[in-house]
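Novice: Let me give you the structure first, and then I'll get to my questions.
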Amino acid sequence: MKKFISYKMIFLVLLLMFDMPVAIAHHPQIVLGINHAPPYTFVDTNQQGSGIILDIMQRIEVDVGFELQVVSCPFPRCLKMAKEGKIDMLGGLIKNPQRNDYLDFIEPAYMVLNSSFVFYALKDNNIEVNTYEQLSNKRIAVTRKAAHFERFDNDLTLDKVLVSSEKVAMDMLLKDRVDIVIAVEETADYSLKYLNQDRHKLQKLNYRYTDTILGYAAFSRKYHNLEILNKIKQKMRDFQKNGMLTELVKPYNLPPINE
């Protein structure tokens, strides 16, 4: 037994001398799922990500000491992977009771959008929606697993066509495969411009639901490194108090994150 311990000690010393990796020295890993959602999150053609949540987590990574791994996935797939514990964290989420069952939302919200949920239609179709009731009998493209406003999300009478992303929804509308699309006005306007889609063919309908939209980071409830999780939660609170969070979201033209 003594000889085995001695050999083990010598092996570890040699690893350290030659700068070879030792498993016990690795930082804990956090897998962050992101989807392409301009102007706040981007995934390029090489599946490399950028955006607010990465800026925030990379800054926290320096202070807390963990290894951030980024995985790109369509939004519905990201949620499913978080629910199953295949990824640890997501960003830009609207909080609702269903998500709270499998996600641990981190306070404070880092995105505050004073925007509206709006509906787009093709100009040539002359569709009018001036009230909520006029949404009935319309084929509405909705990003699967997305959260909007309570009345709409819980309305089982509407004809909702589920799609994988807002881009797919807009593409279907432009091809006249659905009647209307629901989206957050601020992000949709930017996305249409960024994705070079035919905005001139679309019109915003009169009915809209205006609200303050909060976007949160959240951890899968299957993530079990509570020490790291609690440190991240504390850092988010510290960043709110010392103004760091406001500085990190400023390049994205988002309002200050005040207490």
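Novice: Hey, could you check region 69-99 for residues that are of a type in the set (S, T, N, Q) and assigned to a strand (DSSP E or B) and say which is farthest from Val168 (Cα to Cα)?
Specialist: Pass one, region 69-99, residues of a type in the set (S, T, N, Q): 69, 72, 96, 98.
Then drop every residue that is not assigned to a strand (DSSP E or B), which leaves 69, 72.
Numbers: Gln69: 27, Ser72: 17 Å.
Looking at the filtered set, the residue picked out is Gln69.
Novice: Applying the selection to region 165-194, what residues are at pLDDT below 90, more than 18 Å from Arg208 (Cα to Cα) and in contact with a helix residue (DSSP H, G or I) (Cβ under 9 Å, 6 or more places away or on another chain)?
Specialist: Once the filter is applied, which keeps residues that are at pLDDT below 90, more than 18 Å from Arg208 (Cα to Cα) and in contact with a helix residue (DSSP H, G or I) (Cβ under 9 Å, 6 or more places away or on another chain), region 165-194 yields Ser165, Lys167, Ser191, Leu192, Lys193.
Novice: Among helices (runs of 4 or more DSSP H) lying entirely in region 179-249, which contain 3 or more residues that are charged (D, E, K, R)?
Specialist: Values: elements: 185-194, 226-242, 244-249.
Output list reads 185-194, 226-242.
Novice: Just name the residue that is nearest to His148 (Cα to Cα) out of those in region 88-109 that are under 14 Å from the mean Cα position of the chain (by Cα) and of a type in the set (Asp, Glu).
Specialist: Looking at residues that are under 14 Å from the mean Cα position of the chain (by Cα) and of a type in the set (Asp, Glu), I get Asp104.
Novice: (1) touching a strand residue (DSSP E or B) at 6+ places or on another chain (Cβ under 6 Å); (2) touching a residue at least 60 places away in the same chain (Cβ under 8 Å); (3) of a type outside the set (A, V, I, L, M): which one isn't true of Gln134, the others all being true?
Specialist: (1)
Novice: Further question: Does Gly33 meet the test of being part of a strand (DSSP E or B) and touching a residue at least 60 places away in the same chain (Cβ under 8 Å)? Walk me through how you get there before you give the answer.
Specialist: Values: part of a strand (DSSP E or B): yes; touching a residue at least 60 places away in the same chain (Cβ under 8 Å): no.
Considered against the rule, which asks whether it is part of a strand (DSSP E or B) and touching a residue at least 60 places away in the same chain (Cβ under 8 Å), Gly33 comes out as no.
The values are calculated or read from the model by the stated rules, or taken from the named source; none is laboratory data. Keep in mind that this is a model prediction, so the values were computed, not measured. Reconstructed Cβ throughout: ideal geometry from the backbone, glycine too, with neighbour counts over all protein chains shown.
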